[in-house]
Amino acid sequence: MNPMTESAPRPELPDHLSIDPRSPHHVAAVFEHEIGIRFNDKERSDVEEYCISEAWVKVPAGKALDRKGRPLLIKLKGRVEAFYR
């Protein structure tokens, strides 16, 4: 067990969260803990952004990159659950 994660209370997981620090939906405090995303009852490790209330996730579209060198993202619709590991 990691003593650092035990002493710090976990913040509530937001409805809309992004791993991109430039996004308005990025919450740095959440990423201090390990989180998981379950999409349509399967755990996914490639989720870049999610929205629980609108039922979608954004994941990289293969190896394709945009003009700024970031992965192109596709939006998948379905049941989304976020949880702490």
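Calculate the tail of P(r) for the chain: the fraction of all Cα-Cα distances greater than 15 Å, expressed in %.
On the way: 2144 of 3570 pairs.
That fraction is 60 percent.
Give the distance, in whole Å, between the Cα centre of the range 62-80 and the Cα centre of the range 6-37.
20
Out of residues 5 or more away from ILE35 or on other chains, whose amide H comes under 5 Å of its own, with H placed 1.01 Å from N in the peptide plane?
ARG85
Mind checking the full-extension length gain between ARG67 and ASP20? Use 0.36 nm per residue of separation minus the Cα-Cα distance, one decimal, nm. Present the calculation step by step, with values, prior to reporting the outcome.
Values: separation 47, 0.36 × 47 = 16.92 nm, distance 1.65 nm.
In short, 15.3 nm is gained.
Give, rounded to the nearest 20 debye, the magnitude of the charge dipole that the range 30-85 has about its Cα centre when Lys and Arg contribute +1 at Cβ and Asp and Glu contribute -1 at Cβ.
Taking the Cα centre of the range 30-85 as origin, the dipole is about 320 debye.
Return the long-range amide H neighbours of VAL27 (sequence gap of 5 or more, or a different chain), with a cut-off of under 5 Å between placed amide H atoms.
It is SER18, by chain and number.
Give the aspartates and glutamates whose C-alpha is closer than 13 Å to that of LYS42, dropping any in the same chain fewer than 8 places away, or say none.
GLU81
Laboratory data are not the source of any read-out in this text; all were calculated from the coordinates shown. On a predicted model such as this, the values are computed, not experimentally measured, just so you know. With ideal geometry, Cβ positions are generated from the backbone for all residues, glycine too; neighbour counts draw on all protein chains shown.
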